[in-house]
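Reading through the C-alpha cells given below for one structure.
The values are calculated or read from the model by the stated rules, or taken from the named source; none is laboratory data. Just so it is clear, the structure is predicted and the values come from calculations on it, not from any experiment. Methodologically, a virtual Cβ is constructed for each residue, glycine included, from the backbone with ideal geometry; neighbour enumeration extends over all protein chains shown.
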Amino acid sequence: ARTGRTLGIITDARYRFERGVDPEFMVPGVELATKLVLDFCGGTPTEMEVAGYNGHKAKVVSFPLSEVKRLTGIEVPKAESLDILTRLGFEPHGTGDVVKVKVPSWRPDVDGKADLVEEVMRIHGVDNIAPQPLTSHDAVNGRILTTLQVRTRSAKRALAVRGMMEAVTWSFIPAKHAELFGGGQTELKLANPIAADMSDMRPSLLPGLLSAAQRNADRGIGDVALFEVSGTYEGDAADQQRRVAAGVRRGTAKLDGSGRSWAGNAGPVGVFDAKADAIAALEACGAPVDRLQIEPGGPAWYHPGRSGTIKLGPKTVLGTFGEFHPKTLEALDVSGPICGFEVYVDAVPEPKAKPTRTKPKLELSPFQAVKRDFAFVVDRTVEAGTLVRAALAADKKLVTGVSVFDVFEGASLGAAKKSIAIEVSIQPVEKTLTDEDFEALARRIVENVNKQTGGVLRA
C-alpha cells in the first residue's frame with residue numbers, strides 16, 4: 001500500500017493486500033492458480049519465487065478469561081471460550097486463568113484481549129446478554145451541577161438579560177496589563193508564551209474586556225456592553241484560581257438603550273450602571289442583596305471618586321465596580337467613557353440547607369399597606385444605605401421596604417449637612433394599625449436612625 005501510494009499505481013495486489021488479505025496464503029494461492037491453469041490449459045510451469053516477504057510473525061495476546069464476564073456481563077465457561085477460539089483458528093496455550101493466544105495470520109484486526117472477547121461472544125451469541133436497567137441513584141430530582149456551575153450559568157443569564165453580550169477573552173495578557181491590575185508575579189509568567197503580548201496569566205477579566213470594547217469602537221461600534229464569567233489567577237496554586245463575573249459598558253450602552261433618539265439622547269455610562277450590573281450578578285448567584293454593604297472607593301484601576309466595593313460584613317469582599325481611572329485607560333490605549341465591574345462568584349456564601357425543597361406557602365396580608373415619608377438631616381459623609389438599613393431595622397416585621405426619593409443640600413441646612421428623604425412601606429400583619437400604632441412605629445424609626453447615623457428629623 002505504501003509503495004502504491006508513492007508511485008501512484010493501483011493494482012489488484014495492492015487493492016487486496018492493503019485490506020488485510022492473509023499474507024501466508026500467497027504461496028498456496030499461486031499453487032492453486034497454477035493447478036487450475038494446468039488442468040484446463042496444460043503447459044509447463046516455471047519454478048515459483050517469493051521476493052520481499054520474510055514470513056509471518058504471529059502476534060501473541062495475553063487473554064485473562066475473566067475479561068468475558070467483565071466486558072459482557074455473562075459467564076462463559078472457560079472450556080467453551082477456548083474451544084471457540086480454537087475453532088476460529090486461534091491457538092490458545094496455557095491452563096490457568098490467563099492464557100496466551102496466538103493470532104492467525106488472516107486476522108490482522110485482532111490486536112488485544114477485548115478483540116478476543118468479541119470473538120467469543122460472536123459465536124456464543126450476543127443475544128444471550130440479558131438486558132439490564134441502568135443503576136438507580138435515587139436522584140430523580142437530584143442535583144447534578146455543583147454550586148459554582150449553577151452560579152456561573154445564573155450570572156451569565158442575568159447579565160445577558162441586561163443587554164450585555166458575552167465575550168470569551170484570552171487567559172494570557174501582556175505583562176504591562178497584568179501589573180496594572182495587581183498581577184505580574186513571577187509564578188504567573190508563562191515559560192513558553194504563544195506570543196510576546198501574551199506572557200502573563202490574567203489577574204483580572206477587565207483588561208481583556210476593555211481591549212475587546214476598544215477593538216469594537218475602532219470598528220465603529222462604540223456603544224457596546226460586554227461581559228465574561230471565567231477564571232482569574234492570583235497564584236499558581238489550585239486554591240488561587242477564582243471564578244469571576246465581570247463586565248464593561250462603553251459609550252451610551254445603558255440598560256434602557258443607547259445612541260441618539262428623537263425622545264432624547266442616551267447619556268454616557270457611569271458608576272451607577274456598573275453598580276446595577278454588579279448587584280444583578282450577585283443576586284443571580286444567590287447573594288443576600290438586602291444585606292450588602294457598599295463602601296466608596298475601590299482598586300487603583302478605578303476612579304477614586306466614582307467607584308465602590310461591595311461587601312458582606314466587614315471582611316467578605318464580593319465585588320468592585322466603578323468608572324475607570326483615566327491613567328488606566330491611557331495605559332491600555334482605551335478611550336472612554338467606560339465603566340465596569342467584577343463580582344467574585346466563589347466568594348458568595350453557600351445558602352443554608354433547607355429541610356425540604358418544597359416552596360413555603362404563600363402568605364398574603366389582608367390588611368391595607370401604608371407608606372410614610374421621613375426626611376432626616378445628617379452629616380454629608382453619612383451614606384444613604386446606612387440610613388435605609390437603620391429604618392429597616394426599626395421593626396423587621398412591619399417595615400417591608402425603604403427607598404430614598406430625595407437628597408438635598410443647601411445653606412439652610414447648615415455647613416456639611418444634607419437632607420435624605422425616605423419612603424417607608426408598612427404592612428400590617430395581625431391587625432389594622434391605629435394612629436397610636438403608627439406614631440409608635442414612627443418614633444422607633446426616628447430613634448433608630450438617630451442612634452445609627454446621628455440624623456435628626458427635618459423640621
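Annotations
- GLY385 touching a residue at least 60 places away in the same chain (Cβ under 8 Å) and at negative phi: yes
- The residues of the stretch 195-240 that are buried (at least 20 other Cβ atoms within 10 Å of the Cβ) and part of a strand (DSSP E or B), listed by number, are ASP200, MET201, ALA225, LEU226, PHE227, GLU228, VAL229, THR232, TYR233.
- Checklist (1) out of contact with any His (no Cβ under 6 Å at 6 or more places or on another chain); (2) at pLDDT 85 or above applied to GLY55, failing item: (2)
- Verdict on PHE376 being buried (at least 16 other Cβ atoms within 10 Å of the Cβ), of a type in the set (Phe, Trp, Tyr) and not in a loop (DSSP other than H, G, I, E, B): yes
- Remark: VAL407 falls outside the filter, which requires a residue to be part of a strand (DSSP E or B), in contact (Cβ under 8 Å) with a residue 12 or more places away in the chain and in contact with a Lys or Arg (Cβ under 6 Å, 6 or more places away or on another chain).
- Among the residues making up the stretch 319-365, those that are closer than 13 Å to VAL271 by Cβ and touching a residue at least 60 places away in the same chain (Cβ under 8 Å) are PHE324, GLY336, PRO337, ILE338, CYS339, GLY340, PHE341.
Rundown of residues vs (1) within 28 Å of VAL110 (Cβ to Cβ); (2) over 52 Å from the mean Cα position of the chain (by Cα); (3) of a type in the set (Ser, Thr, Tyr), yes/no style:
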position: GLY4; (1), (2), (3): yes, no, no
position: GLY8; (1), (2), (3): no, no, no
position: ARG14; (1), (2), (3): yes, no, no
position: PHE17; (1), (2), (3): yes, no, no
position: ASP22; (1), (2), (3): yes, yes, no
position: PRO28; (1), (2), (3): yes, yes, no
position: LEU32; (1), (2), (3): yes, yes, no
position: LYS35; (1), (2), (3): no, yes, no
position: CYS41; (1), (2), (3): no, yes, no
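- Matching residues in the stretch 155-201 - criterion: being touching a residue at least 40 places away in the same chain (Cβ under 8 Å), out of contact with any Leu (no Cβ under 8 Å at 6 or more places or on another chain) and of a type in the set (Ser, Thr, Tyr): SER171
- Within the stretch 383-403, tally of residues that are outside any helix (DSSP H, G or I) and surrounded by fewer than 14 Cβ atoms within 10 Å (Cβ to Cβ): 3
- Residues of the stretch 1-12 that are surrounded by fewer than 12 Cβ atoms within 10 Å (Cβ to Cβ), assigned to a helix (DSSP H, G or I) and not polar (S, T, N, Q): ARG2, ARG5, LEU7, ASP12.
- Scanning the stretch 291-308 finds one or more residues that are in contact (Cβ under 8 Å) with a residue 60 or more places away in the chain, crowded, with 16+ Cβ neighbours inside 10 Å and assigned to a loop (DSSP other than H, G, I, E, B).
- Scanning the stretch 92-101 for residues that are over 50 Å from the mean Cα position of the chain (by Cα) and touching a residue at least 24 places away in the same chain (Cβ under 8 Å) gives a single hit, PRO92.
- Qualifying residue in the stretch 399-417 (condition: under 41 Å from the mean Cα position of the chain (by Cα), more than 24 Å from GLY308 (Cα to Cα) and of a type in the set (A, V, I, L, M)): yes
- Selection count, the stretch 313-334, where residues are within 14 Å of ALA278 (Cα to Cα) and within 24 Å of the chain's Cα centre (by Cα): 5
- Looking only at the stretch 15-72, and only at residues there that are in a helix (DSSP H, G or I) and among the polar types (S, T, N, Q), the one that is surrounded by the fewest Cβ atoms within 10 Å (Cβ to Cβ): THR34
- Taken over the stretch 338-364, the criterion of being modelled with pLDDT of 80 or more, closer than 27 Å to LEU159 by Cβ and either of a type in the set (Gly, Ala, Ser) or surrounded by fewer than 10 Cβ atoms within 10 Å (Cβ to Cβ) (or both) is satisfied by GLY340, ALA347, GLU350.
- Among the numbered conditions (1) modelled with pLDDT under 90; (2) farther than 30 Å from LEU148 by Cβ, the only one that PRO314 does not meet is (2).
- Members of the stretch 240-258 found to be within 15 Å of GLN185 (Cβ to Cβ) and free of Cβ contacts under 8 Å to residues at least 60 places away in the same chain, listed by number: GLN240, GLN241
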